[in-house]
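Trainee: Have a look at this one.
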Amino acid sequence: MKHFIKETDLTPREAAAVFAQAASFKKSRGRKTAPVLSQQTWALMFSKSSTRTRVSFEVGVHELGGNPLFLNKNDIQLGRGESVEHTAKVLSRYIHGLIVRTYDHADLLELARHSTVPVINALTDLLHPCQMYADAFTLAERWAKRGKSLTESLKGKKIAFLGDTASNMANSWILGANHFDMQISLSGPKGFKPGAAFNAFIAKEGTAVGYEFTHDPYEAVRGADVVYTDVWVSMGKEEESSKRIELMSSYSVNAELLDAAKPGAYFMHCLPAYPGKEVTQEVLDDPRSIIFDQAENRLHMQKALMAFLAKAAKR
């Protein structure tokens, strides 16, 4: 069974096709979309609350002709006696696809291992591949060249990721940048370099990844086509809030730091953003900020991923 758990689960050729499908869905939205999920129910199993992820997936399933079924942690028996294995096997008898947003990446892997329907990673503490693909699509739209696939337009571009570079979003960008032949430079305080969990994951996957890391944010953004940041206090890390804010204060993306990147560089943030912390309001409002295009493209990319996986499941 084909799943989408990490960025490299799609081959370069498959990714190019998914990007093209996302562009087609975006162009045709509101007019005509093939009901590729007709008579199907796709469940959203969310242990973590969400705005963009939940809404974009529910709307996406609906627009593809399917029925979205939302399950929060209080709706199912998982964690209250029923095993992950049994949950996966039972749900597979009812539904046609499973979209999971949870904490522990190991739980997601266990669900996928025992599921006989496609499983999509809608976020774990380790990775956020749907966001990364939507971000890459957002950039590819702007850099697209006639006669080349959208994914080809990403090759050689540089992204600078600032702040908590041990986060799931940083991990996904490391994996995704390498997959799409991009360059990535990370900059954060001591103790927030990509951590042991990510390194263990890479070692287990046997995937070689390259990235630069520096404590100097200006060094990281030099020559960058994109300056990216995310919240400093992720869900589940609230008890570290004061310490994280203090350590990361010099990595806040302000106009001066954005200006130090390549002329015409874009600013990206997967949202929600906290002005005055990881980014200034001035940068959020800057014409170079494409944060709402990122948010919109979650819908189109996720529709394309679901369509791809639904088709693969029928083979």
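Trainee: Of (1) assigned to a helix (DSSP H, G or I); (2) free of Cβ contacts under 8 Å to residues at least 60 places away in the same chain; (3) closer than 30 Å to LYS145 by Cα, ARG31 satisfies all except one. Which?
Mentor: The single condition ARG31 does not satisfy is (1).
Trainee: Test of understanding: among LEU271, LEU309, which residue is surrounded by 13 or more Cβ atoms within 10 Å (Cβ to Cβ), touching a Pro at 6+ places or on another chain (Cβ under 6 Å) and closer than 26 Å to ALA22 by Cα? Full working, then the answer.
Mentor: On the way: LEU271 fails: touching a Pro at 6+ places or on another chain (Cβ under 6 Å).
Every option except LEU309 fails the conditions.
Trainee: Please go through segment 294-315 and pick out each residue that is touching a strand residue (DSSP E or B) at 6+ places or on another chain (Cβ under 9 Å) and over 20 Å from LEU123 (Cβ atoms). Spell out how you get there, then give the answer.
Mentor: Step one: of segment 294-315, the residues touching a strand residue (DSSP E or B) at 6+ places or on another chain (Cβ under 9 Å) are 294, 302, 305-306, 308-310, 313.
Passing the criteria: ALA310, ALA313.
Trainee: ASN199: outside any loop (DSSP other than H, G, I, E, B) and touching a Gly at 6+ places or on another chain (Cβ under 9 Å), yes or no? Steps first, please.
Mentor: Details: outside any loop (DSSP other than H, G, I, E, B): yes; touching a Gly at 6+ places or on another chain (Cβ under 9 Å): no.
It is false that ASN199 is outside any loop (DSSP other than H, G, I, E, B) and touching a Gly at 6+ places or on another chain (Cβ under 9 Å).
Trainee: Would you point out which residue out of LEU150, LEU108 is buried (at least 20 other Cβ atoms within 10 Å of the Cβ) and either closer than 30 Å to ARG244 by Cβ or at pLDDT below 95 (or both)? Spell out how you get there, then give the answer.
Mentor: Details: LEU150 fails: either closer than 30 Å to ARG244 by Cβ or at pLDDT below 95 (or both).
Result: LEU108 is the single residue among LEU150, LEU108 that is buried (at least 20 other Cβ atoms within 10 Å of the Cβ) and either closer than 30 Å to ARG244 by Cβ or at pLDDT below 95 (or both).
Trainee: Restricting the search to segment 144-172, which residues are touching a helix residue (DSSP H, G or I) at 6+ places or on another chain (Cβ under 9 Å) and free of Cβ contacts under 8 Å to residues at least 24 places away in the same chain?
Mentor: Listed by number, the residues that qualify are ALA144, LYS145, SER153.
Trainee: Just the residues that are aliphatic (A, V, I, L, M) and free of Cβ contacts under 8 Å to residues at least 40 places away in the same chain, please, taken from segment 183-229. Even if it seems obvious, please write down each step before you answer.
Mentor: Applying the first criterion (aliphatic (A, V, I, L, M)) to segment 183-229 yields 184, 186, 196-197, 200, 202-203, 208-209, 220-221, 224, 226-227.
Selection gives ILE184, LEU186, ALA196, ALA200, ILE202, ALA203, ALA208, VAL209.
Trainee: Considering each of TYR94, TYR103 in turn, give the residue that is surrounded by fewer than 15 Cβ atoms within 10 Å (Cβ to Cβ) and either in contact (Cβ under 8 Å) with a residue 40 or more places away in the chain or in contact with a Cys (Cβ under 8 Å, 6 or more places away or on another chain) (or both). Before you say what the answer is, go through the steps one by one.
Mentor: Values: TYR103 fails: surrounded by fewer than 15 Cβ atoms within 10 Å (Cβ to Cβ).
Going through TYR94, TYR103 in turn, just one is surrounded by fewer than 15 Cβ atoms within 10 Å (Cβ to Cβ) and either in contact (Cβ under 8 Å) with a residue 40 or more places away in the chain or in contact with a Cys (Cβ under 8 Å, 6 or more places away or on another chain) (or both): TYR94.
Trainee: Being more than 23 Å from the chain's Cα centre (by Cα), touching a residue at least 24 places away in the same chain (Cβ under 8 Å) and surrounded by 20 or more Cβ atoms within 10 Å (Cβ to Cβ) narrows it down to one of LEU257, LEU175, LEU247, so name that one.
Mentor: Details: LEU175 fails: more than 23 Å from the chain's Cα centre (by Cα); LEU247 fails: surrounded by 20 or more Cβ atoms within 10 Å (Cβ to Cβ).
None of the other options fit; the residue is LEU257.
Trainee: Here's something else I'd like to know. Condition first: part of a loop (DSSP other than H, G, I, E, B), touching a strand residue (DSSP E or B) at 6+ places or on another chain (Cβ under 6 Å) and at pLDDT 95 or above. Can you find one or more residues in segment 202-215 that meet it? Walk me through it before giving the result.
Mentor: Just the residues of segment 202-215 that are part of a loop (DSSP other than H, G, I, E, B), to begin with: 206-211, 215.
From what is left, the residues that are touching a strand residue (DSSP E or B) at 6+ places or on another chain (Cβ under 6 Å) are 211.
Pick out the ones that are also at pLDDT 95 or above and you get 211.
So far as segment 202-215 goes, yes, one or more of its residues are part of a loop (DSSP other than H, G, I, E, B), touching a strand residue (DSSP E or B) at 6+ places or on another chain (Cβ under 6 Å) and at pLDDT 95 or above.
Trainee: Also, quick follow-up: Assuming LYS158 fulfils every condition listed in (1) under 23 Å from VAL61 (Cα atoms); (2) in contact with a strand residue (DSSP E or B) (Cβ under 7 Å, 6 or more places away or on another chain); (3) of a type outside the set (A, V, I, L, M, F, W, C) apart from one, which condition is it?
Mentor: Unmet for LYS158, out of (1) under 23 Å from VAL61 (Cα atoms); (2) in contact with a strand residue (DSSP E or B) (Cβ under 7 Å, 6 or more places away or on another chain); (3) of a type outside the set (A, V, I, L, M, F, W, C): (1).
Trainee: Yes or no: segment 117-130 includes at least one residue that is at pLDDT 95 or above, among the charged types (D, E, K, R) and surrounded by 21 or more Cβ atoms within 10 Å (Cβ to Cβ).
Mentor: Start the filter on segment 117-130 by keeping residues that are at pLDDT 95 or above, which leaves 117-130.
From what's left, among the charged types (D, E, K, R): 125.
The next check asks that each one be surrounded by 21 or more Cβ atoms within 10 Å (Cβ to Cβ); those that pass are none.
Taking every residue of segment 117-130 in turn, none turns out to be at pLDDT 95 or above, among the charged types (D, E, K, R) and surrounded by 21 or more Cβ atoms within 10 Å (Cβ to Cβ).
The rows are residues; the columns are (1) closer than 26 Å to LYS6 by Cβ; (2) part of a helix (DSSP H, G or I).
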site: VAL227; (1), (2): yes, no
site: SER242; (1), (2): no, yes
site: GLU246; (1), (2): no, yes
site: GLY264; (1), (2): no, no
site: ALA273; (1), (2): yes, no
site: VAL283; (1), (2): no, yes
site: ASP293; (1), (2): yes, yes
site: HIS300; (1), (2): yes, yes
site: MET306; (1), (2): yes, yes
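Trainee: Does ARG93 satisfy the criteria of being in a helix (DSSP H, G or I) and out of contact with any helix residue (DSSP H, G or I) (no Cβ under 9 Å at 6 or more places or on another chain)? Write out each step before concluding.
Mentor: Values: in a helix (DSSP H, G or I): yes; out of contact with any helix residue (DSSP H, G or I) (no Cβ under 9 Å at 6 or more places or on another chain): yes.
Considered against the rule, which asks whether it is in a helix (DSSP H, G or I) and out of contact with any helix residue (DSSP H, G or I) (no Cβ under 9 Å at 6 or more places or on another chain), ARG93 comes out as yes.
The values are calculated or read from the model by the stated rules, or taken from the named source; none is laboratory data. Nothing here was measured: the structure is a model prediction, and the numbers come from that model. Counting neighbours? That spans all protein chains shown, and the Cβs are built from the backbone with ideal geometry, glycine included.
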